[in-house]
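The values are calculated or read from the model by the stated rules, or taken from the named source; none is laboratory data. Here the structure is a predicted model, which is why all the values come from computation and not from measurement. Glycine also receives a Cβ, built like all others from the backbone with ideal geometry; neighbour counts cover every protein chain displayed.
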Amino acid sequence: VMSKNKSSESVKVVVRCRPLNRKEESNGPAGSIVQMDLRLGQVILRNPRAPVSEPQKTFTFDAVYDANSKQGDLYDESVRPLIDSVLAGFNGTIFAYGQTGTGKTYTMQGAWMDPQKRGVIPNAFDHIFTHISRSQSDKQYLVRASYLEIYLEEVLDLLDPNHGNARPLELRESPESGVYVRDLTSCVCKSIKEIEEVMNVGNQARAVAATDMNEHSSRSHALFLITVECSQPGPDGRKHIRVGRLNLVDLAGSERQAKTGVQGERLKEAAKINLSLSALGNVISALADGRSGHVPYRDSKLTRLLQDSLGGNAKTVMVATLGPAPQHYDETLTTLRYANRAKNIQNQPRVNEDPKDALLREFQMEIARLRAQLHHRKWRTKQKKEQVDGEGWERDGDEETEGEEEDEEDEEEGVEKEAEEYVKQEQRLEREKQDIREDQFMLADEKQRLLGEKERMMGVLRKEQEATEQLTAKYKAMESKLLVGGKNIIDHTNEQQKMLEGKRHEIAEQTRSEREIQQQMLVRDEETVELRETFTSLQQEVEAKTKKLKKLYAKLQCIKAEIQDVNDEHVRSRQELEQTQNELTRELKFKYLIIENFIPPEEKNKIMNRLTFDPEEDQWKFQPLVPSIFTMFLKTKCCISGYE
Amino acid sequence: MASASSDEWRAVCDKFTNAQNLTVVESRNDPENDPFRSKYKARELLREIYCTLKSFEAGEGEEESGAESSEQRPTEPPVDGQREDGYGQGFSGDSPAGLRAAKLGAVEYYLGVNHVDTEELSAGQEHLMNCMKLLERCSVSSENVSLFIHVRNQLGILSAGWDETETAQGFLETAESIYQRYLKEDGSPPTDMTEYFTTEENMLTHQERTKRFELAYTHTMYYLAQVYKNLGETERAATYCHSTLQRQLQLNQFSPMEWALNAATLSQYYITKGLYMEGRHCLSAATVISDLAGEVPSEAAAQESETESERREQLRQKRAEIARCWIKYCLNVLQDSKKLLEDSIGELDTDRQEELKMARRREEEEEEKGRKSALLFGSEDTFDSIASLEEKVHCLLPLDFTEARAVFLVGQNYVTQAKEYFQMDGYVTDHIEILQDHSALFRALAFYEEDLERRCKMHKRRVDMLEPICSDLNAQYYLMIRRQMMFELAEIYNEMMDLKLTLANRQSDTESLDNHTINKFNHLCSASAKYFQMFLDSLCSPEGKIPEHLEEEVLRPALVARFRVARLYSRLISPSPSAQLENLDKSLEHYKYVVQYCEAHPEAAAAVETELELSTEMVGLLPLKMNLNILSSKCI
């Protein structure tokens, strides 16, 4: 049950909470501060420092997963539909967001060896390749993977063999395909094993680059990009290509992204002072951030790379991870707020059909070209053979008529046959050479000439054979990169598995829609209470009104609590102010005492006359005995800053 | 140190040199798992120095146990900003007691910085405050002024890190006033703190002393800029950024490209505030200083070596960025003056023009005055080139075509420069932004052009630069940009159509237009309608459905586009009455859409008040007109 006719859909946000760990359990009886209502998709957060009477904060999401949730549940319900869309040619993105140590990596990667504990990424790999092997045989696929990380605003290729000293990559844009990373390594993967290998290589590169892994990973974003191209004959008979892109994003720890101060909303980074003068540019950019000016380097690399996923052409799932321990209350609240805001981002996903930059098309054309070359070569050798041989070979004719369709399968045989022929020809030439040598009637130099010629012919023959072999190898290499659907439909079990998956899918879909309906019901409930104005009986009215009253009362309590919060804050600041005032008064009295007792009245008057209040700097100042150039300078400066 | 034997003193000096070396040099090579090893070692040495100094003091204290020992000051922490800075109190900085306090204070300062570096902030603050207390007893002199400023810089940073922005402001502002006062009252090159612990033969030169002192103050200004920014006082923050840049230049402590880019960015702040003289000054300085970075390596050189290729890339990119800042300058100047000069229907208001020209003379004088008092960039050798670059473009708002054209040409020149680097292939968004600015430059210039024929040609230039690109872009990835461009193209064609009509009406006395003009008019009219329609289509779902609900950011553009399309259809001239009727029918349909949408979404009405009013009227009137047309065609 997808939402109505919309071309846009919002970012799906799911929240997952990890269990308390042993250390946290032993820390105290307080227990978890996070409560989850799986059916409603709600997270209820308790402030451990607040009195029990304070209402708890409730957030609603597309789905929530508590400490008992399984990796498979999350995948089937929240990720599977997204991967399906990627296979259908949409762009998809999965973000993991949360404080370091809340299980981002567990959710994304999990334990690879244990099928129950495999995370989103291995499950997605499995999903993609299983889908390909079960699809119809007229579909051709090309799967590519790239792996990069963004560390300190530099894009690094994790698949580059000399990752250690490689230069950071640059972001570029092309009119046809948008933002891309220039010179990013991209590996064609033919199986789960291969793509896992790619991931491992990248993970190792990441680990090597960072001596302190935890520190590093909490500061760097990792992006694993999978491109699935699929070609299929359309109703018009031409082959159409759909390209789905999947971004798997492990964001840096949320505590690094938005350090929150006491007030919760303000970014701490903003208050921090940059020490080095080289950061002057940041300060100036912050000042110049207006619409009518140009500010160099404003966007972050991550934002530019993922601009399609947040408010663009993509389906996006965000997995926010939480820690349930009381000491993480602030971080957890921030994560929830952030996730809550992400729900409102609207995307306009569209199928990428026949894009100009599809590699599959290029591959197909290259294969066709190689095949044509091979054919041409074969045909030429035959011609030559005829020349040399004088009499044609019987089989030639039908081989040519066999045509191109059969070639595809017969290619290998053909090549072997050809090799045989080469050997035969070579033998024949050898024989002829022998003949010439043995021919005693010929003149010596004539003999030499003929032998030379034969020698040359053999050389040519050998060269040609080599070229053909190379071509064949290239052709085979190219073709093996393409995956063809339907190769594995041999057994019955596949069908059953497919059905099973379908059912699982259905169940997941139903759970989701149930939750959606529940959420809607909750909203409706509120509305109906207000709307129902005609009551059949007085009793009903009372009932309804009581219900409404209760609801409103709860709301009132919420607001009261908020007011109380604000009041407390004010009281606190007032007390602080009072204290300061007292201190100041005391000091003032003290000073007066000194003045009265130690300073002769005439001196005092002199000083008083020289004192002036400088409103600019908010302090009293001595007027110099002679007006100095310094103060004049100050005045002119005031004029300038006031000029506008 | 008079009382200490020179051997003892030499040992102290060696320890200090060692500690400095550990802090600055060795610490870079510390292993990851023991990141502060050298710093801890340095801390130990500093502590030893502190003890030695104390023991010297005890020895001396017997001789002159006066003020110090009896001093039982209240130990409340000194807080800056409320108190008169360290002038005119305690013993003078160059007295033996003052020197002792300064040396002890310096050790406290280094200990404080050391603790801050090793992330022990509270301990660091305590040491720094101790330093403040020691200095409090002294008056400022050339021996200790450097320490006075350094310690306040450090405390300022520390407070800012704890969100105590006002406290930070207090420390830093006091540092500033101490600096200014010192320069005024003394001004001799002050002792650097490292010199407290060096033997005679290693004293710094006057030049080096000044350099270090000025650098400390540059940092004060830079920190103040950030503090003001965090306090939301952007104007002051900008002034301090400006001063920081100026000092970097004066003291020759900058990397040309980085400096130039910062100055260019600062110009954008001034421009948005309408301070064109300051903006121009920043930009001119940026251009001149960026030239100091040297020639761009040739393509051939770039292919040979990787460093050269990187340098080439960097230089080209940053110079292009500066050019883009210049474009914005020219554009804003033109647009601002246009706003000033246009009347209610967007045409040049000649009365206003005269008035402003009269006022101009006064302004020019003021400019001269302003220039003299403004904070100017430049070292001896760059000063003149900056000034001569400034002369190439006015910073006063242009008041007629000639003046506007001069600004336009400068802007266009920078457009060419910027496009050389930001090419379509690789920098789509940037390239298009530059084109859009170029188009906006033309648009602003057209406002001043009195000759309608030439004005029309300017608009044609805009079409020529935007049209081919709009069709080349991937509709998915560049949805927003394409929408902007479609809307702009539609408006340009509309504008051209109006101009052609005015021209034709002027030329012929009769009401009727000749065939050629009609064709031209219709062509422009349908081109405009076509682009509005393309814009509207881009809002539809993939299946081609019109959205029921328009997103907020496209609400007004979408309804305005509808309204304009309606208007365009009703203006198309066609010879056959049936075609005319068909156009009117289409027109009515679009007007109806606007009205119906606003009925269904009452919140939309506020966004398109005038358009809605007119549409409602037209929905009432058009059917009447259509009936009339039918009637008249029947009569014929």
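Observations, loosely collected:
- Subset tally (residues that are under 25 Å from the mean Cα position of the chain (by Cα), over 18 Å from B:Ser385 (Cβ atoms) and surrounded by 15 or more Cβ atoms within 10 Å (Cβ to Cβ)) for segment B:297-324: 10
- So B:Thr198, is it out of contact with any strand residue (DSSP E or B) (no Cβ under 7 Å at 6 or more places or on another chain), modelled with pLDDT under 90 and β-branched (Val, Ile, Thr): yes
- Candidate set: segment B:457-504, residues that are at pLDDT below 95 and of a type in the set (Val, Ile, Thr); chosen: the one nearest to B:Leu524 (Cα to Cα): B:Thr502
- Among the residues making up segment A:315-349, those that are surrounded by fewer than 19 Cβ atoms within 10 Å (Cβ to Cβ) and either among the aliphatic types (A, V, I, L, M) or touching a strand residue (DSSP E or B) at 6+ places or on another chain (Cβ under 6 Å) (or both) are A:Leu333, A:Asn340, A:Lys343, A:Ile345, A:Gln346.
- Scan of segment A:311-349 for residues that are within 14 Å of another protein chain (Cβ to nearest Cβ) and more than 18 Å from the chain's Cα centre (by Cα), ordered by number: A:Asn344
- Flag if B:Glu176 is out of contact with any strand residue (DSSP E or B) (no Cβ under 9 Å at 6 or more places or on another chain) and surrounded by fewer than 19 Cβ atoms within 10 Å (Cβ to Cβ): no
- Pairs, first under 21 Å from A:Met608 (Cα atoms) in segment A:579-596, second aromatic (Phe, Trp, Tyr) and assigned to a helix (DSSP H, G or I), C-beta under 6 Å, six or more apart: none
- Per the listing B:Leu245, B:Leu249, the residue uniquely closer than 15 Å to B:Phe383 by Cα, more than 9 Å from every other protein chain (Cβ to nearest Cβ) and assigned to a helix (DSSP H, G or I) is B:Leu249.
- Neighbours by Cβ (under 7 Å, 6+ apart or cross-chain): first from segment B:323-344, closer than 14 Å to B:Phe447 by Cβ; second of a type in the set (A, V, I, L, M) and not in a helix (DSSP H, G or I): B:Val333/B:Leu397; B:Asp336/B:Leu397; B:Ser337/B:Leu397; B:Ser337/B:Leu399; B:Leu340/B:Leu397; B:Leu341/B:Leu348; B:Glu342/B:Leu348
- Condition check for A:Ser85: closer than 23 Å to A:Arg504 by Cα, under 26 Å from the mean Cα position of the chain (by Cα), assigned to a helix (DSSP H, G or I) and within 14 Å of chain B (Cβ to nearest Cβ): yes
- Failed criterion for A:Leu483 (all others in (1) touching a strand residue (DSSP E or B) at 6+ places or on another chain (Cβ under 7 Å); (2) within 30 Å of A:Ile128 (Cα to Cα); (3) modelled with pLDDT of 80 or more hold): (3)
- The set of residues in segment B:124-142 being in contact (Cβ under 8 Å) with a residue 40 or more places away in the chain and either basic (Lys, Arg) or surrounded by fewer than 22 Cβ atoms within 10 Å (Cβ to Cβ) (or both) consists of B:Met129, B:Lys133, B:Glu136, B:Arg137, B:Ser139, B:Ser142.
- Annotation: of all residues in segment A:1-44 being within 14 Å of chain B (Cβ to nearest Cβ) and part of a loop (DSSP other than H, G, I, E, B), the one that is modelled with the highest pLDDT is A:Ser8.
- Of all the numbered requirements in (1) more than 21 Å from the chain's Cα centre (by Cα); (2) within 14 Å of chain A (Cβ to nearest Cβ), B:Leu375 misses one, and that requirement is (1).
- Residue match in segment A:157-169 (condition: buried (at least 17 other Cβ atoms within 10 Å of the Cβ), within 14 Å of chain B (Cβ to nearest Cβ), over 16 Å from the mean Cα position of the chain (by Cα) and not in a loop (DSSP other than H, G, I, E, B)): yes
- Residue within segment A:103-111 that is farther than 25 Å from A:Ala339 by Cβ and of a type in the set (Ser, Thr, Tyr) present: no
- Out of B:Lys339, B:Lys369, sole residue that is closer than 27 Å to B:Ala285 by Cβ and charged (D, E, K, R): B:Lys369
- Close pairs from segment A:171-191: first more than 7 Å from chain B (Cβ to nearest Cβ), partner surrounded by fewer than 18 Cβ atoms within 10 Å (Cβ to Cβ) and among the β-branched types (Val, Ile, Thr), Cβ under 8 Å, at least 6 apart: A:Leu171/A:Val179
- Residue-level analysis places A:Ser300 outside the set of residues that are more than 30 Å from A:Ser78 (Cα to Cα) and polar (S, T, N, Q).
- Residue check for B:Glu467: away from chain A (no Cβ under 11 Å) and in contact (Cβ under 8 Å) with a residue 24 or more places away in the chain: no
- Meets criteria (in a loop (DSSP other than H, G, I, E, B) and not polar (S, T, N, Q)) for A:Asp330: no
- Failed criterion for B:Arg280 (all others in (1) touching a Ser or Thr at 6+ places or on another chain (Cβ under 6 Å); (2) away from chain A (no Cβ under 12 Å) hold): (1)
- One residue from B:Lys520, B:Lys530 being basic (Lys, Arg), away from chain A (no Cβ under 14 Å) and closer than 15 Å to B:Glu467 by Cα: B:Lys530
- In a residue-by-residue description of segment B:382-395, the property of being crowded, with 17+ Cβ neighbours inside 10 Å, within 14 Å of chain A (Cβ to nearest Cβ) and at pLDDT 90 or above applies to no position.
- The set of residues in segment B:228-242 being more than 7 Å from chain A (Cβ to nearest Cβ) and charged (D, E, K, R) consists of B:Glu233, B:Arg236.
- Hits in segment A:88-145 - residues which are basic (Lys, Arg) and free of Cβ contacts under 8 Å to residues at least 60 places away in the same chain: A:Lys117, A:Arg118
- The residue list A:Ile559, A:Ile595, A:Ile607 contains one member that is farther than 30 Å from B:Ala238 by Cβ, away from chain B (no Cβ under 13 Å) and at pLDDT below 85, which is A:Ile559.
- The one condition in (1) modelled with pLDDT of 75 or more; (2) surrounded by 14 or more Cβ atoms within 10 Å (Cβ to Cβ); (3) not hydrophobic (A, V, I, L, M, F, W, C) that A:Arg49 fails to fulfil: (2)
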